[in-house]
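Chemist: This structure is in structure tokens; I'll ask about it shortly.
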Amino acid sequence: MRKLDTTVREYHWGSRTALAELRGEPSPSAVPQAELWVGAHPDDPSRLADCDVALDAHLAANPAGLLGPASLAAFGPRLPFLLKVLAVDAPLSLQVHPNREQAVVGFAEHGYRDDRPKPEVLVALTEFETLSGLRRPAETVALLDELDVPSLAPMRAALSADDTASALRWALHDADGSVVAEVADAAARVPALAHVVDLAEVYPTDAGVVAALLLNAVRLRPGQGVYVGAGVLHAHLRGTGVELMANSDNVLRAGLTTKPVDVPAVLSLVDHRTGPAAVLDGEDDGPLRTYRTPEPEFRLHAVRPGAVLRGAGPQLLLCTKGCVVVSRAGADVVLRGGESAFLPHSADAAEVSGDGEAFWATTNLA
């Protein structure tokens, strides 16, 4: 087991208090802090605290021994997942991630950042607001009728025909600043659309505000999670949460951002199935709570003292509250808020003690 030093990324949408307080640093911070990265992504790998060696370089020196045969065979000589803490004070972009096949083609032909998919699961540490997945057409039609904005008639007509794809295409291609303003004014009278008003205040001419009408608005309680698979259109709005994802940086944006957007590419990737967001309550097993997804690269577990961590393959442990001690094969690592450790492949179980809380990342291989 090796304790890690980690990187905090600073973006405009981040918080000046959440990560600083988690890490026991002066709060408020000088600039917004958005993401705490724990893992071996080449853009910002964690480093071994006792020798300042990057985790990706450490793994490259002994991939079979540190990752284990199953992970090595399935994902190659790299850590298959990336663990983060997100601290969201302003909306993130409206975005989508490719599936495995789309990522391979996109990397080879369209300049994607890498050839891997980027599914995600996020578990709330505080109340967390997000938009995730396309709402059932009939539900959106009811909201549009309550809004009563004539310029949205083409979108309503498409939804009435159960054609969510055309409704989304119209919103992203044809909704100009005047439509956004009309929607924002009308949404101020509809309590269920308060988030649309907030988005319009930040992005007053962005068509993503109109597209947001099509998405499920989700409010997670602390301890609840949301699974965001390939093709799921989403935008995180507010709150702090632990996020585990495949070790990729493939993000395609459709709006609600000052970064470049690629609407045609997003539309080609969006999963147009409709229904409620994939909210997860987790499955309790004593001091462990597991958030299951179908993704082979990762599985996320909330951990309390008394947990026994049994699992082969590479693992990460991140303390999110108080202090935890992880013990394996006669060695101990002490973690406080925001601190983390890498656990290499081993047949030995690890035991967790202390008075805190943590999150444990593993692969999802049988």
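Derivation of every value follows stated rules applied to the coordinates shown; laboratory data play no part. As the structure is a prediction and not an experimental result, all values here were calculated from the model. Here Cβ is always computed from backbone atoms with ideal geometry, including for glycine, and neighbour counts include all displayed protein chains.
Chemist: Angle, helix 177-187 long axis vs. longest principal axis of the chain, Cα atoms, 0 to 90°, nearest 10?
Modeler: So the inclination is approximately 80 degrees.
Chemist: Between ASP43 and ALA331, what is the label-to-label distance in nm when each label sits 7 Å out along the Cα-to-Cβ direction?
Modeler: Each label point is offset 7 Å from its Cα along the Cβ direction, giving 3.0 nm.
Chemist: So, one more: Express in nm, to one decimal, how much length is gained between ASP115 and ALA64 on full extension, taking 0.36 nm for each residue of separation and deducting their alpha carbon distance.
Modeler: Taking 0.36 nm per residue and subtracting the Cα distance, the gain is 16.2 nm.
Chemist: Provide the per-residue ³J(HN,Hα) series for the range 86-97, in order, calculated from phi with Karplus coefficients 6.51, -1.76, 1.60 and θ = phi - 60°, each as a whole number of Hz, with x at glycine and proline positions.
Modeler: 9, 10, 10, 10, 9, x, 7, 5, 6, 8, 8, 10
Chemist: Using 7 Å Cα-to-Cβ label points, what is the GLU201/ARG219 separation (nm, one decimal)?
Modeler: A separation of 1.6 nm, rounded to one decimal place.
Chemist: First select every other residue whose beta carbon is under 13 angstrom from the beta carbon of TRP170; then total the charges, Lys and Arg +1, Asp and Glu -1. Could the numbers behind the result be given before it?
Modeler: Working: positive: ARG156, ARG169; negative: ASP163, ASP174, ASP176.
Combined, the nearby Lys, Arg, Asp and Glu give -1.
Chemist: Between 0 and 90 degrees, rounded to the nearest ten: what's the tilt of helix 137-147 against the longest Cα principal axis of the chain?
Modeler: So the helix axis and the longest Cα principal axis differ by about 60 degrees.
Chemist: While we're here: In the range 296-320, which residues have a backbone nitrogen under 12 Å from the label point lying 7 Å from GLU351's Cα in the Cα-to-Cβ direction?
Modeler: 306-309
Chemist: Something else: Restricting to DSSP H runs of at least four residues, report the calculated mean residue ellipticity at 222 nm for the chain, -39500 (n - 2.57) per run over all residues, nearest 500 deg cm²/dmol.
Modeler: It comes out at -7000 deg cm²/dmol, rounded to the nearest 500.
Chemist: What does the charge count near ALA207 come to, summing +1 for each Lys or Arg and -1 for each Asp or Glu among other residues with Cβ under 10 Å from its Cβ?
Modeler: It works out to a net charge of -3.
Chemist: Now a separate question. Multiply the residue separation of ALA74 and GLU25 by 0.36 nm, subtract the distance between their alpha-carbon atoms, and state the gained length in nm to one decimal.
Modeler: Length gained between ALA74 and GLU25: 13.8 nm.
Chemist: Further question on the same structure: Could you state the angle between the C-alpha long axis of helix 164-174 and the longest principal axis of the C-alpha atoms of the chain, as a value from 0 to 90 degrees rounded to the nearest 10?
Modeler: Once rounded, one gets 80 degrees.
Chemist: Can you put THR274, THR130 in order, fewest other beta carbons within 10 Å first? Display every interim value, and only then the final one.
Modeler: Numbers: THR274 18, THR130 28.
Sorted ascending by nearby Cβ count, the order is THR274, THR130.
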